[in-house]
Amino acid sequence: MIKYQRKYPFFSLCGLNCGLCPRYQTTGISKCPGCGGPDFHLKHPSCSVITCSKKHDNIEYCYQCSEYPCNRYNGPCKADSFISYRNVVSDFIKADKYGLEQYIISLNDKMRILEYLISNYNDGRSKSFYCLAVNLIDLSDLNNIMEQIDRQIKFQDIDIKSKAKLAADLFYSTANKRNIVLKLIK
């Protein structure tokens, strides 16, 4: 693939929240730069969505295409990869309805929450869980969870494994109330 760059690589052309993906949040060699980020073409040498975009006026996001929704977006997601595809259509709707700038502000807020969780509540096994939870749970609910973490967990004199478990319990509790399954669809 020829070098492909985008202004905001954290929200992909196809609608994934790249900034909330474990592959983006890693520090190792498998780190993904996000859609159209630095050296994207080296990590992802082919992408059918980018090829499709080039055939459709080089749109920035699929929801901006005159043929949206195409077959790619008709029906629920059948399987996930590293990040959940479940909110792609609803995220496109938010970006279209409220404006891309507002959606990006919300996504940046979610990324800050995720980075805080990974830095302070990752027991070495929780990063993927936090990525999934932050991606699927609404920002207002995430802010409520973070307030609870600050009140109930942050200053407890317990090990990181116990803190991670208590934080996960708060996420599961909220997810259950909202009928959100915090598990990738395999």
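Lysine pairs, Cα distance under 13 Å, 8 or more residues apart or cross-chain: how many in the stretch 18-177? Walk me through the numbers on the way to the answer.
Details: 31/43; 127/161; 127/165; 154/163; 154/165.
Summing the qualifying lysine pairs gives 5.
The modelled label-to-label distance between residue 173 and residue 154, using points 7 Å beyond Cα along the C-beta direction, is 1.7 nm.
Helices in the chain, meaning DSSP H runs of at least 4 residues, each add -39500 (n - 2.57). Divided by all residues, the mean residue ellipticity at 222 nm is -14500 deg cm²/dmol.
Relative to the Cα centre, the charge distribution of the stretch 18-177, modelled as +1 at Lys and Arg Cβ and -1 at Asp and Glu Cβ, gives a dipole magnitude of about 440 debye.
What is the fewest-to-most order of 138, 39 by other Cβ atoms lying within 10 Å of their Cβ? Walk me through the numbers before you get to the answer.
Details: 138 15, 39 12.
Starting with the residue having the fewest Cβ neighbours, the order is 39, 138.
I need the shape label for the stretch 63-147. Rule: rounded when a/c is under 1.5, else prolate if a/b > b/c, else oblate, with a, b, c from the alpha carbon gyration tensor. The shape class here is oblate.
Only Cα pairs under 8 Å and at least 6 apart count here; give the relative contact order of the chain as a rounded whole percent. Across the chain, relative contact order equals 22 percent.
Provide Rg over Rh for the chain; use the alpha carbon set for both Rg and the Kirkwood Rh (inverse mean inverse pair distance).
0.99
Ordering 139, 171, 105 by Cα displacement along the dipole of the stretch 18-177 toward the positive end leaves 171 in first place; charges were set at the Cβ atoms of Lys, Arg (+1) and Asp, Glu (-1).
Across the stretch 125-134, computed HN-Hα scalar couplings (Karplus, 6.51 cos²θ - 1.76 cosθ + 1.60, θ = phi - 60°) run 10, 9, 4, 4, 4, 4, 4, 5, 4, 5 Hz from first to last residue, x flagging Gly and Pro.
Readers should treat all values here as calculations from the given coordinates under stated rules, not as data from a laboratory. Predicted model only: the values in this text are computed from it and were never measured. Ideal geometry is used to build each Cβ from the backbone, glycine not excepted, and the neighbour counts take in all protein chains shown.
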